[in-house]
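Right, one structure below, let's go through it.
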Amino acid sequence: MTPQDCLAEQLLDFALQSGADSAEVYQSQSVSRPVFFEANRLKQLESTASEGTALRLWHNHQPGLVVAYGRIDPQELVEKALALSELNPPETIELATPRVIRDLQFGEMAEVGELVKLGRGAIAQIREQYPQVLCSAEFQSEQETTTLTNSQGLHCQYTDMTLSCYLGVEWIRGEDFLGVYEDQEARNKLNLDGLLQDLLNRLQWAQNNTPTPTGRIPILFTQKAATLLWETVADALNGKRVLEKSSPWFDRTPTHQNPVLDSSLTLSQQPQIGPYSCPFDDEGTPTQPLTLIEQGKLSRFYCDRTIARALNTQSTGNGFRPSLGRYPTPELVNLLIEPGDHSLSQLIQSLPQGLIVDQMLGGGADISGDFSINVDLGYRIQNGEIVGRVKDTMVTGNIYTALKQVLALGKECSWQGSCYTPPIIVEGLSIVS
């Protein structure tokens, strides 16, 4: 039995002996080894470790949640949780049923020397073609172990190992500043060739500045920018939004035949693939594949245990803690958008007039779908060709409206956070210079 297992058992035993109805212990241990580059040179090596424990108990159905880091006195932590429970109203106890899942491992760690080599090699390739630019980078290998134990007999544990990298290029041309940024997260091995090619393409497209087109013309969102669209859709599919009646689809059910998005769009959760794969949520419920929107039609919402009970349905295994000291709330594991049939170059060639949005400044849309963003990095398309970079450009409109007017989907997908998306061309948005 590991020290973490012993601590969890002690906390549960003390909680029940002190009069708690039920209890659960959530533990997170992480180790990271970031390598930093600045102004084309290696700047810093680090190694960080953290360990946190959250105890949640119920006394007379009144919840108490406390968090501690590092060394812990189990009895003191239980007493604090009991004291807090006296201040809270009673609630329904939501605990997963007995099950044991342990010793699951995903991915591999990388040595610091290998990360340094990758960073130096990537910067050298960029500066070979653009010696005048300044490059910054961060390469990191991280391991995190998540353990959830409760008084019902549940014990779930898995270890997640990921590699991540960030590359930034700054190009100062007189009074003109250009910043191009790419990042990637992966299990086992980074695809640096693809990332570098994307970055070099964007530098090539930005050789010249060009006037911004205005009005309503098609907009091509690259994979990096398309997350603006999918984050809003994911929020609208959240069971909590349905319960609050703030989702635009709160009164829709899978029996409705009217589409909510363009028929070319199919969205799903696939929790067993990619760098963010996860076998169970922070409530101990197994995660599962979910078809959320199929060919534009609503298939289902996702929820945690509390929201599922309120909606008179079952948890979909999507209860995750925003932080150790927070209750689980509905959140997707992975969001995958089914790709189309066209390469990025074919998407560009299909447009007589258009705007490519690649990097944005400012926040995203709210649940209404309305948004207004400044384009940090964008390019103008004329007669099927990129003619240059646009500056001082804003895009406004409504995301749900745009996603009902999809012109084309690309076939090349990439992970942007936990979203696996292709590029997409939409209509119905306005461009302002």
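At-a-glance table
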quantity	calculated
When residues of region 11-58 are limited to those that are under 23 Å from I93 (Cα atoms), more than 22 Å from the chain's Cα centre (by Cα) and of a type in the set (F, W, Y), the one most open to solvent (accessible area, probe 1.4 Å)	F14
Conditions (1) in contact with a helix residue (DSSP H, G or I) (Cβ under 7 Å, 6 or more places away or on another chain); (2) open to solvent by less than 20 Å² (accessible area, probe 1.4 Å); (3) within 26 Å of T92 (Cα to Cα): number failed by K240	(2)
Condition broken by A96, with the remaining ones in (1) under 28 Å from the mean Cα position of the chain (by Cα); (2) under 20 Å from Q27 (Cβ atoms); (3) free of Cβ contacts under 8 Å to residues at least 40 places away in the same chain satisfied	(3)
Considering residues of region 61-86 that are touching a residue at least 24 places away in the same chain (Cβ under 8 Å) and part of a loop (DSSP other than H, G, I, E, B) only, the residue farthest from S22 (Cα to Cα)	I72
Count of region 262-280 residues which are farther than 21 Å from Q416 by Cα and in contact (Cβ under 8 Å) with a residue 40 or more places away in the chain	2
Count of residues meeting criterion [in a strand (DSSP E or B) and either at pLDDT below 95 or under 25 Å from the mean Cα position of the chain (by Cα) (or both)] in region 105-134	2
Answer residue from region 191-211, given it is open to solvent by 20 Å² or more (accessible area, probe 1.4 Å) and in a loop (DSSP other than H, G, I, E, B) and is nearest to L118 (Cα to Cα) among those	N191
Flag for G317 being farther than 18 Å from K240 by Cβ and either open to solvent by less than 60 Å² (accessible area, probe 1.4 Å) or part of a loop (DSSP other than H, G, I, E, B) (or both)	no
Test: residue in region 199-217 that is farther than 28 Å from G369 by Cα and under 24 Å from the mean Cα position of the chain (by Cα)	yes
Criterion: in contact (Cβ under 8 Å) with a residue 24 or more places away in the chain, within 29 Å of Q132 (Cβ to Cβ) and among the small types (G, A, S) - qualifying residue of G215, G168, G239, G174	G168
Candidate set: region 251-273, residues that are surrounded by fewer than 21 Cβ atoms within 10 Å (Cβ to Cβ) and touching an Asp or Glu at 6+ places or on another chain (Cβ under 8 Å); chosen: the one farthest from T159 (Cα to Cα)	T266
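The values are calculated or read from the model by the stated rules, or taken from the named source; none is laboratory data. Since the model is a prediction, treat every value here as computed from it, not as a measurement. Positions of Cβ are backbone-derived with ideal geometry, glycine not excepted, and every protein chain shown enters the neighbour counts. Only protein heavy atoms, including side chains, enter the accessible area calculation; ligands, DNA and RNA are left aside. Shrake-Rupley method; radii C 1.70, N 1.55, O 1.52, S 1.80 Å.
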